[in-house]
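Here the structure is laid out as structure tokens; the discussion comes afterwards.
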Amino acid sequence: MSPDTDPLQPLTDIWNINYFKSDWCNLTWSPWVPFSAAKAEYRAIPKEPGLYRIRPAGKDFLMYIGETRRTLHERLNELRQTLKRTDLMPWNDPHTAAPSLWAWQNAEEYEYECSATPLDASQNVRRGMESYLLYRYRQEYGESTLCNFGRFHKRYRKSTNRKDDKRGGKLEEIHSDNPAGGPSIAPLLVAGSHGGVGWMGLAWSERKPLDMENVRSVPPEAGLYFLTDVESQEITYIGQSNNCQNRLLDHSRKSWDEKGPHFSYYLMQKPVPLHNLKELENDLIGNYFEVFRTAPVYQFGNQR
């Protein structure tokens, strides 16, 4: 399941791969259109907000899954035009996946294709659906897309935002690998009920009120956590951090109603790169979306 597989090994029949199909996850996807397509062929990309997926031509995996509140036609056209310049890695803005896509294109000479599906919905639903697609892809393929969650080619460094003016590129041989180029972490086991003690196969802590005393008892270690509404017991936010105590302290200092939320956490058994934490966080959001068809109320908007 890696781009480093033997090039002489026969590829899977790509027409039968579920995450390539036109009805994947019960959505109506456009045909696959090459980034190099002429204007007439590119008209297949919808002129509406929604979601999109990008793959390397002839390969059996996805590079990136994204969403936009702009038109898909405009967003993807901007991205493909950005990647036409092969001599310089793009900036991290306005499209944070562009540097990573460029790095893989430069290293492997990939030719990209895209497919899109319209979804005119609230931010929590649209971004929740993006998380759900990434969650489903991880279950189906066994690892994440190569350019989501901050993942990057191990032999390249990423460009900064334009204002910081630090262009990325290929690392010299004397430099260590980019940590973001490390392996994907295995998807979480789909188990238990959302927010339950064994949700997604993890041993969650007992829920406690989000106050200074309780939070200071949380070890300052890497892990996952969620917040819940006291009355409804519904999850309102799912997060990850390299230091769960500090992150939960940040939440506790914010303005809540007089009852305030409760929290529960799970600590990693060993240190992991940031992209692995983000993958696991997304598994939780995706599973929540699978049940409720929206993200937790504070996940992507009105954040606390």
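Miscellaneous remarks
- Selection count, segment 149-184, where residues are within 20 Å of Asp93 (Cα to Cα) and either touching a helix residue (DSSP H, G or I) at 6+ places or on another chain (Cβ under 6 Å) or of a type in the set (Asp, Glu) (or both): 12
- Segment 263-280, subset in contact (Cβ under 8 Å) with a residue 24 or more places away in the chain and in a loop (DSSP other than H, G, I, E, B), residue nearest to Pro179 (Cα to Cα): Pro273
- Residue in segment 148-163 that is under 10 Å from the mean Cα position of the chain (by Cα), at pLDDT 95 or above, at positive phi and assigned to a loop (DSSP other than H, G, I, E, B) present: yes
- None of Val190, Val218, Val230, Val197 is part of a loop (DSSP other than H, G, I, E, B), in contact (Cβ under 8 Å) with a residue 40 or more places away in the chain and out of contact with any Leu (no Cβ under 9 Å at 6 or more places or on another chain) except Val190.
- Within segment 46-86, the residues that satisfy the criterion of being acidic (Asp, Glu) and touching a Ser or Thr at 6+ places or on another chain (Cβ under 7 Å) are Glu48, Asp60.
- Segment 32-56 - residue that is without any contact (Cβ under 8 Å) to a residue 12 or more places away in the chain and of a type in the set (A, V, I, L, M) and, of those, farthest from Ala103 (Cα to Cα): Ala40
- Tyr132 falls short on exactly one of the conditions (1) in contact with a helix residue (DSSP H, G or I) (Cβ under 9 Å, 6 or more places away or on another chain); (2) hydroxyl-bearing (Ser, Thr, Tyr); (3) more than 19 Å from Val297 (Cα to Cα), and that condition is (3).
- The number of residues in segment 187-207 being in contact with a strand residue (DSSP E or B) (Cβ under 6 Å, 6 or more places away or on another chain) and modelled with pLDDT of 95 or more comes to 4.
- Tally, over segment 97-147, of residues that are of a type in the set (Lys, Arg), under 21 Å from Asn276 (Cβ atoms) and surrounded by fewer than 23 Cβ atoms within 10 Å (Cβ to Cβ): 2
- Residue check, Gly301 more than 24 Å from Asp177 (Cβ to Cβ) and either part of a loop (DSSP other than H, G, I, E, B) or without any contact (Cβ under 8 Å) to a residue 60 or more places away in the chain (or both): yes
- Among the residues here, Trp256 does not qualify as out of contact with any Cys (no Cβ under 6 Å at 6 or more places or on another chain) and crowded, with 20+ Cβ neighbours inside 10 Å.
- Segment 24-59, residues that are touching a helix residue (DSSP H, G or I) at 6+ places or on another chain (Cβ under 6 Å) and assigned to a loop (DSSP other than H, G, I, E, B): Phe35, Ile45, Pro46, Lys47
The values are calculated or read from the model by the stated rules, or taken from the named source; none is laboratory data. As the structure is a prediction and not an experimental result, all values here were calculated from the model. Positions of Cβ are generated from backbone atoms using ideal geometry, with glycine treated the same way; all protein chains shown enter the neighbour counts.
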